[in-house]
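J.: Quick one: structure below, then a few questions.
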Amino acid sequence: MLGISKAPLPEKLSPETNISKAIDRGLSYLVSHQFPNGEFCTYYSPDDPMKEWCVPDSTVFPTSIIANTLLVLQERQEVKTIYSKTIPFLIYQRMRYGTWQHFTKWHKLFPVSPPDIDNTIFAYSFLKSQNTDSPDPSQLILANHNRNGFLYTWFAFRMEKNGNSQYWRLILRELKRPIKTLAFWKINDCRRNDVDLGVNLNVLSFLGKRKATEPIIEFISKQIIQKDVIKTDGWYRSPIILYYLFSRNAKHKIEAFINIYPLIIENILDHYKPDKGFNDTILETALAISSLINLGYTGVEIEEGISFLLRSQAENGEWARSIFFYSGPKQVVGWGSEELTTGFCLEALALYDKLMKHASDS
């Protein structure tokens, strides 16, 4: 398939593994660890396993991500319980014109932090999947581009022409605290003109192929063929994460992307280590499994990766926290939590379970 040799799907999981039980325990953990306001806990920390020191941080992004990872399980009662809190949380965090930013409204950095495309896409896409009304940010997102047609990460003031009136009204909030806003951009890793590969991948997953996204498709294809992905993103911490974001575009069946599926699959498999998952990490193993399944690969590495995840699940149903998903460009600190890792692991297990059931029915 797709030019990649593979082993056949196993007829069944080995006796010591039990996906259904692992999913039950993982969902139970998320239900019991969701805050009453709908938010999920996240921390920032300087080291990858988040053990040197670990500080709670109130942010929107992890909750949106977890909600999206659970879509494959959305018929489960536990997920419906989670969503009953997540939906009002995200609605409350929504900003003008259906945008979101990284920090919650009660965070000290909320007044000076800009809304951004990633938070907007993940939150809006989830609400849309639940038939919840929210202003469509598509045109505002497409207006936030540079001269090459690539989309900026942040909705922020720039000395450039922009004919979208919503854009100008949105960034007027910078004038409320001009000195503090300038300090925010100076002190933090983010820059007004940031263009990141992961953000553009997420935009494409959201909007699909259309005339306005053709430059993005060309940009993404070029970076992947040149194996330059990690150099073109300041926030997602490993190639596997970017390949995961790429795989979320499989639903659009973009021809230019289908042609490089074999290369993506090969690049992901390069990170596989027998009995140790992908890159020896739980989070990247979960992301790799979901990516390979999304891209149509069914090799034995998936089953072995699933076994690694099942062995790694903690007694209470969670998987260990890690900051491998996202951090700042300087990688001084990164964000993560058990809840975030658990969401990705549950997605991988559910996709694999669905794949197995489909194989047994055919």
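J.: Return only the number of the condition from (1) touching a residue at least 40 places away in the same chain (Cβ under 8 Å); (2) over 18 Å from the mean Cα position of the chain (by Cα) that residue 59 does not satisfy.
T.: (2)
J.: Among the residues of the stretch 244-283 satisfying the criterion of being among the acidic types (Asp, Glu) and part of a loop (DSSP other than H, G, I, E, B), which is nearest to residue 19 (Cα to Cα)?
T.: 275
J.: Inspect all residues belonging to the stretch 117-131 and state whether any of them is part of a loop (DSSP other than H, G, I, E, B), out of contact with any strand residue (DSSP E or B) (no Cβ under 9 Å at 6 or more places or on another chain) and under 28 Å from residue 68 (Cα atoms). Full working, then the answer.
T.: Step one: filter the stretch 117-131 for residues part of a loop (DSSP other than H, G, I, E, B), giving 130-131.
Next cut, out of contact with any strand residue (DSSP E or B) (no Cβ under 9 Å at 6 or more places or on another chain) only: 130-131.
Filter once more, keeping what is under 28 Å from residue 68 (Cα atoms): 130-131.
Yes, that holds for at least one residue.
J.: Could you tell me whether the stretch 301-322 includes any residue that is hydrophobic (A, V, I, L, M, F, W, C), crowded, with 19+ Cβ neighbours inside 10 Å and under 23 Å from residue 207 (Cα atoms)?
T.: Checked the stretch 301-322: no residue is hydrophobic (A, V, I, L, M, F, W, C), crowded, with 19+ Cβ neighbours inside 10 Å and under 23 Å from residue 207 (Cα atoms).
J.: Within the stretch 41-70, track down each residue that is part of a loop (DSSP other than H, G, I, E, B) and among the polar types (S, T, N, Q). Please lay out each step first, then the result.
T.: To start, the set of residues in the stretch 41-70 that are part of a loop (DSSP other than H, G, I, E, B) comprises 41-42, 46-54, 57-58, 60.
Correct list: 42, 58.
J.: Please find, among 172, 197, the residue that is of a type in the set (A, V, I, L, M, F, W, C) and either surrounded by 12 or more Cβ atoms within 10 Å (Cβ to Cβ) or closer than 30 Å to residue 250 by Cα (or both). Spell out how you get there, then give the answer.
T.: On the way: 172 fails: either surrounded by 12 or more Cβ atoms within 10 Å (Cβ to Cβ) or closer than 30 Å to residue 250 by Cα (or both).
197 is the lone residue from the list that is of a type in the set (A, V, I, L, M, F, W, C) and either surrounded by 12 or more Cβ atoms within 10 Å (Cβ to Cβ) or closer than 30 Å to residue 250 by Cα (or both).
J.: Something else now. Quick check on residue 298: is it over 26 Å from residue 48 (Cα atoms) and in contact (Cβ under 8 Å) with a residue 24 or more places away in the chain?
T.: yes
J.: Would the stretch 159-167 turn up any residue that is surrounded by fewer than 16 Cβ atoms within 10 Å (Cβ to Cβ) and under 25 Å from residue 205 (Cβ atoms)?
T.: Yes: the stretch 159-167 contains one or more residues that are surrounded by fewer than 16 Cβ atoms within 10 Å (Cβ to Cβ) and under 25 Å from residue 205 (Cβ atoms).
J.: Looking only at the stretch 142-200, which residues are among the basic types (Lys, Arg), over 19 Å from residue 61 (Cβ atoms) and outside any helix (DSSP H, G or I)?
T.: Within the stretch 142-200, 147, 158, 161, 177, 192 meet the criteria.
J.: On to the next question. Run down 80, 105 and say which single residue is more than 18 Å from the chain's Cα centre (by Cα), assigned to a loop (DSSP other than H, G, I, E, B) and farther than 19 Å from residue 185 by Cβ.
T.: 105
J.: Suppose we filter 320, 286 for residues that are in a loop (DSSP other than H, G, I, E, B) and touching a residue at least 60 places away in the same chain (Cβ under 8 Å); which single one remains? Explain how you work it out, then say what you get.
T.: Numbers: 286 fails: in a loop (DSSP other than H, G, I, E, B).
Going through 320, 286 in turn, just one is in a loop (DSSP other than H, G, I, E, B) and touching a residue at least 60 places away in the same chain (Cβ under 8 Å): 320.
J.: To continue, here is another question. Look at residue 107 and say whether it is surrounded by fewer than 21 Cβ atoms within 10 Å (Cβ to Cβ) and of a type outside the set (D, E, K, R). Full working, then the answer.
T.: Values: surrounded by fewer than 21 Cβ atoms within 10 Å (Cβ to Cβ): yes; of a type outside the set (D, E, K, R): yes.
Yes: the conditions hold for residue 107.
The numbers here are math on the coordinates, done by the rules we state, and not lab data. Here the structure is a predicted model, which means the values were calculated and not measured. Heads up, the Cβs are rebuilt from the backbone with ideal geometry, glycines too, and the neighbour counts pull from every protein chain shown.
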